[in-house]
1. The conditions are (1) exposed (fewer than 10 other Cβ atoms within 10 Å of the Cβ); (2) among the hydrophobic types (A, V, I, L, M, F, W, C); (3) modelled with pLDDT of 75 or more; (4) in contact with a strand residue (DSSP E or B) (Cβ under 8 Å, 6 or more places away or on another chain), and Met1 fails exactly one of them. Which is it?
2. Is it fair to say Ser33 is assigned to a helix (DSSP H, G or I) and more than 35 Å from the chain's Cα centre (by Cα)?
3. Considering only region 12-28, state which residues are part of a helix (DSSP H, G or I) and either surrounded by fewer than 11 Cβ atoms within 10 Å (Cβ to Cβ) or within 60 Å of the chain's Cα centre (by Cα) (or both).
4. Would you say Glu86 is in a helix (DSSP H, G or I), at pLDDT 95 or above and within 41 Å of the chain's Cα centre (by Cα)?
5. Between a first residue in region 120-139 that is among the hydrophobic types (A, V, I, L, M, F, W, C) and a second residue that is surrounded by 11 or more Cβ atoms within 10 Å (Cβ to Cβ) and at pLDDT below 60, which pairs have beta carbons less than 6 Å apart while being 6 or more apart in sequence or on different chains?
Amino acid sequence: MRPSADGSSVLSIGGLDVSTRLLVVLIVAAILSVMLVPSLFQWWQQERELAQIKAQVAEQQQKNVDMQRQLDLWNDPDYISTQARERSDSVRPGETQYTVVDPGPQYQDSALAAAAASTGPARPWVQQLGIPGGEGGSAAECDAYPVG
């Protein structure tokens, strides 16, 4: 260690002159960072946990609102009677009950087959267009080949 021109001591490390004040400040900063980093990491983890808990609380509050709405519905006598009739398949006097039954895939296939035309046109549409009034023959002949 040797004193510098301004009165502070200078430490020479491997040919590098370092002020003792700078060295002390760096050592104190290193000690503080070693002490603060675990605390900051713990704070960061607690903040993440707090955010997760807040999200869970908001979700539970929404569930509570939905459940309260359901409870309010079940306190309504009209709703209760409607639910009872739907669940037991019963009707009030004077009402007509309709039940829709799914016929299954075979019905749909047969319905599509029945809806399709059984035979096509007598001539392709191009030939239909190619029959002008004079060349095609008589009107009776045109009626013999229905369009469509």
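1. Exception for Met1: condition (3).
2. yes
3. Residues satisfying the conditions are Leu22, Leu23, Val24, Val25, Leu26, Ile27, Val28.
4. no
5. Close Cβ pairs satisfying both conditions: Ala122/Tyr145.
The values are calculated or read from the model by the stated rules, or taken from the named source; none is laboratory data. Values in this document were obtained by computation on a predicted structure and should not be read as measured data. Because the Cβ atoms are built from the backbone with ideal geometry, glycine has one as well, and the counts that use them run over all protein chains shown.
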